[in-house]
1. Among 128, 109, 62, which one shows the highest mean-square fluctuation when the chain is modelled as a Gaussian network with alpha-carbon springs under 10 Å?
2. According to the square roots a ≥ b ≥ c of the eigenvalues of the Cα gyration tensor, what is the shape class of the range 19-86, taking rounded for a/c under 1.5, prolate for a/b larger than b/c otherwise, and oblate for the remainder?
3. Under a 10 Å cutoff between Cα atoms, tell me which one of 48, 99, 121 has the largest fluctuation in the Gaussian network model of the chain.
4. Test of understanding: express the Cα radius of gyration of the chain as a ratio to 2.2 N^0.38 Å, with N the residue count.
5. To test your reading of the geometry: what angle, between 0 and 90 degrees and rounded to tens, separates the Cα axis of helix 3-39 from the longest principal axis of the chain?
6. Give me the angle, in degrees from 0 to 90, between the Cα long axis of helix 92-119 and the longest principal axis of the Cα atoms of the chain, rounded to the nearest 10.
């Protein structure tokens, strides 16, 4: 094994470990937020995890509450892939690809939903909340794209 190959392997391991921790932390925080929203929606509103009831239409609040339930099922895959990356499980690429695809879809769909509500005159929260949530969607989409690209490497190598 050459020195160059050894350095590339170490760099790959470091990137995998770093990305694994990023996936545990950021998507993990979002998952915990959705857990709080599912168990106690009014607490989530008070914590700023959901739109302020004084600034958001009841239609949006109901949609967000039911979305939180679904997110508990779908958004846990990316933090799980982070754990699998940190422990170097061979399953991480498939779980990461699955979770990142869900994240990319969720980010775009949530943004489209909120923009549709806004264009129809539905109150969607304060300007500050809107900036925060749209920033979250952008970060989710970018993270998903990076994870998809990174996970495709080992998947394609195994073909």
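None of the figures in this text is laboratory data; all of them are computed from the coordinates on show. For clarity, every value in this text was computed on a predicted model and none was experimentally measured.
1. Maximum fluctuation in the GNM of the chain, among the listed residues, is at 128.
2. Working: a/c = 3.26, a/b = 2.34, b/c = 1.39.
Cα axes put the range 19-86 in the prolate bin.
3. Of 48, 99, 121, the Gaussian network model singles out 121 as fluctuating most.
4. Compactness ratio reported: 1.20.
5. The helix 3-39 is inclined about 20 degrees to the chain.
6. Approximately 20 degrees, to the nearest 10.
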